[in-house]
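Working notes, structure below.
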Amino acid sequence: MTPPITNQHTELVVTFRDLLPGIISRVPRIPSLLKTVFEMKTVSMNDINSVGMVIERNAAMHPEKRALLYEDQVFTHKELNEAVNRYANYFISEHIQKGDVVGVFMENRPELVMIISALAKVGAIASLINPNQTGKILLHSVNITCKNLFIVGEEMRDAFEEIRPDLNLSAPAKIYFLADGSDMKPPEGYLDLTRISGGFPLTNPSTTKEIRLKDPFAYVFTSGTTGLPKASIQLNFKWVGAGRWFGRFNMDLTSDDTMYIPLPFYHTNGLHVAWATAAISGAAIAIRRKFSASNFWNDTRKFNTTTFMYIGEILRYLMNQPPKSDDRDNPVKKIVGNGLRPDIWKQFKKRFDIPHVYEFYGAAEGPSIFTNFFNIDCSVGLCPTPYAIAEYDIDDGDVIRDQNGFLKKVKPGRPGLMLTEITNLSPYIGYTNKEESDKKVFRDVFKKGDMWFNTGDLMREIGLKHLQFVDRLGDTFRWKGENVSTTEVEEMVNQIDGISSATAYGVAIPGTDGRAGMVSIITDTLEDDINKKELAQRLKKDLPSYAVPIFIRVKTQFETTATFKIKKTNLKTDGFDPEKIPDPLYVLLPGEDEYTPLAKPVYDAIIAGKYKL
């Protein structure tokens with residue numbers, strides 16, 4: 001049995017003194033907090049409540065307030081609801097009904113929000129296809145969810161046409177076309193959705209009142225970093241619940257707030273944590289087609305956004321932008337997201353004058369959520385539903401069981417596998433593929449009959465039920481008998497001057513056990529300006545000896561998922577062969593104090609085992 005992984009450089013101990021400012025700030029809100037908790041605890045999956053119901057409620061309560069902002073377009077809640085109704089009433093006329101799946105191919109723009117909402121009002125399911133997917137992966141995503149109904153934006157027509165001949169259609173397909181700010185005529189075989197829906201009523205359809213929390217309204221796909229994408233089922237329950245949890249309980253948003261969303265709606269961060277959070281509170285959303293680091297803060301000023309949704313990579317991109325005199329001159333007061341790394345947490349808050357960070361932890365298909373309710377630095381916060389951190393053996397790639405076959409919980413402060421319990425209040429919906437869903441469930445975990453969701457992540461409790469993210473199991477590798485946290489390595493490398501981004505992973509060397517550490521970096525200076533000796537000395541000083549990367553690869557850009565997660569699969573496969581990799585490579589040989597160029601003779605000597613790495 002191997003010891004649990006350690007990550008000493010990001011350790012934090014939460015005490016009552018740390019919580020006190022957050023507790024005091026919440027005192028005036030106790031009545032509203034108790035009301036929200038009561039609503040969430042008494043909710044029934046059969047309650048009539050949904051995406052569509054929230055859209056209609058906002059139109060009735062805040063008709064003239066801003067609801068949706070995009071470029072120079074502004075829609076009030078009344079105007080947004082009417083636009084949604086026009087589509088919904090048309091869909092009803094075409095006999096699109098509850099349970100039908102519609103493939104939606106569009107980038108972030110107002111029509112995407114309207115289409116998702118309209119389909120939700122009739123009970124249909126929007127299969128939100130990632131517009132960055134192409135070829136076989138796109139074909140796979142479409143075929144596992146969509147049968148004969150499609151809505152294709154002008155910007156996605158070419159990608160759709162590429163896979164169209166290979167679609168597994170159950171009946172003659174009906175393909176709708178939505179122009180993208182142009183006068184383009186629908187291609188042959190497409191129906192002009194804007195034109196044919198234009199004359200339909202603006203009134204609320206009767207079907208909205210038939211939709212319940214337990215009904216699905218969307219499919220969201222996993223990134224596919226470890227295989228082909230899987231479609232996770234998104235219920236109205238999760239959308240409404242996320243809105244209440246983040247918007248009301250945590251962030252205290254009102255109809256005067258505006259949430260900036262630079263993330264795609266085909267990901268749960270944009271769909272639930274951002275859109276639902278704003279909508280449940282009657283707040284507006286400001287959306288952008290694609291994230292832009294250079295335009296980000298100008299957008300917040302233009303739209304007067306009081307909050308925004310983030311992922312950690314976005315904040316690092318913003319930190320890597322040259323400092324400006326007006327960095328602190330922005331209207332943002334609170335942000336919500338996940339993946340903010342400890343090495344930039346406090347610096348980001350200070351540089352851009354962001355007082356409140358509501359970091360959260362959860363999975364698109366998972367039943368539970370952690371949130372940094374008390375605004376504690378470097379923590380994912382608390383979870384209102386049951387969870388456990390179980391002992392895990394990285395060598396065996398499995399949990400550790402006691403003599404009775406049950407899992408063992410780790411001691412506070414020690415990392416382990418994060419599990420969240422599946423209950424009526426925190427149900428597990430999973431994927432459209434039942435076999436894939438079942439793989440994520442552990443049964444008879446701590447007692448007979450219980451069920452727990454396996455997050456696949458290592459977490460650590462850091463005091464007063466607060467947790468800290470340690471690493472993804474797929475990213476952890478073992479070298480010299482020790483478990484190496486890629487998160488730890490990346491945090492150290494990212495702190496070095498001249499390096500704007502880094503991703504760490506393990507690579508195989510013949511004749512050795514485990515994986516040798518390798519880091520791919522992007523520099524914000526010329527490659528030759530990076531001091532290879534200083535780099536080696538800094539990493540030797542800041543990292544355990546077994547975690548110091550042996551290989552360095554200098555890249556100009558990383559391949560990422562649609563949500564900016566760096567894809568490591570190809571990097572791991574590439575290894576460190578200088579004849580196969582066009583990028584500059586460096587190696588830290590035994591006894592050396594500087595990274596030196598990895599030439600072919602040195603590579604051959606490493607492969608032959610002539611160096612005791």
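Points to keep in mind about this one:
- The residues of the stretch 398-415 that are assigned to a strand (DSSP E or B) and either in contact (Cβ under 8 Å) with a residue 60 or more places away in the chain or farther than 14 Å from Tyr387 by Cα (or both), listed by number, are Asp398, Val399, Arg401.
- Looking only at residues in the stretch 483-528 that are of a type in the set (Val, Ile, Thr) and within 21 Å of Ala605 (Cα to Cα), the one that is nearest to the chain's Cα centre (by Cα) is Val519.
- Within the stretch 428-486, the set of residues being of a type in the set (Gly, Ala, Ser) and surrounded by 16 or more Cβ atoms within 10 Å (Cβ to Cβ) comprises Gly430, Ser437, Gly463, Ser485.
- Some residue of the stretch 208-228 being among the polar types (S, T, N, Q), over 31 Å from the mean Cα position of the chain (by Cα), at pLDDT 95 or above and surrounded by 19 or more Cβ atoms within 10 Å (Cβ to Cβ): no
- Among residues that are polar (S, T, N, Q) and closer than 21 Å to Gln97 by Cα, Ser182 is not included.
- Considering the stretch 359-378, and only residues there that are charged (D, E, K, R) and assigned to a loop (DSSP other than H, G, I, E, B), the residue that is surrounded by the fewest Cβ atoms within 10 Å (Cβ to Cβ) turns out to be Asp377.
- The set of residues in the stretch 55-77 being of a type outside the set (Phe, Trp, Tyr) and assigned to a strand (DSSP E or B) consists of Arg66, Ala67, Leu68, Leu69, Gln73, Val74, Thr76.
- A single member of Thr503, Thr525, Thr486 is of a type outside the set (A, V, I, L, M, F, W, C), under 22 Å from Asp577 (Cα atoms), at pLDDT below 90 and not assigned by TED's automatic domain parsing to the domain that holds Pro342, and it is Thr486.
- Residues in the stretch 546-576 that are of a type in the set (A, V, I, L, M, F, W, C) and not in a helix (DSSP H, G or I): Val548, Ile550, Phe551, Ile552, Val554, Phe558, Ala562, Phe564, Ile566, Phe576.
- Of all residues in the stretch 557-613, those that are among the hydroxyl-bearing types (Ser, Thr, Tyr), buried (at least 17 other Cβ atoms within 10 Å of the Cβ) and without any contact (Cβ under 8 Å) to a residue 24 or more places away in the chain total 0.
- Scanning the stretch 149-203 for residues that are hydroxyl-bearing (Ser, Thr, Tyr) and closer than 18 Å to Arg86 by Cβ returns Tyr176, Thr194, Ser197, Thr203.
- Any hit, the stretch 529-539, residues being within 27 Å of the chain's Cα centre (by Cα) and assigned to a loop (DSSP other than H, G, I, E, B): no
- Verdict on Ile335 being modelled with pLDDT under 95, within 18 Å of the chain's Cα centre (by Cα) and farther than 23 Å from Thr76 by Cβ: no
Conditions (1) more than 26 Å from Pro412 (Cβ to Cβ); (2) in a helix (DSSP H, G or I); (3) in contact (Cβ under 8 Å) with a residue 12 or more places away in the chain; (4) touching a Ser or Thr at 6+ places or on another chain (Cβ under 7 Å), marked per residue:
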{"position": "Ile23", "(1), (2), (3), (4)": "no, yes, yes, no"}
{"position": "Leu34", "(1), (2), (3), (4)": "yes, yes, no, no"}
{"position": "Asn49", "(1), (2), (3), (4)": "yes, no, yes, no"}
{"position": "Met53", "(1), (2), (3), (4)": "yes, yes, yes, yes"}
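The values are calculated or read from the model by the stated rules, or taken from the named source; none is laboratory data. Treat the numbers as computed from the prediction; the structure is a model and nothing was measured. Glycine gets a Cβ as well: all are built from the backbone with ideal geometry, and neighbour counts include every protein chain shown.
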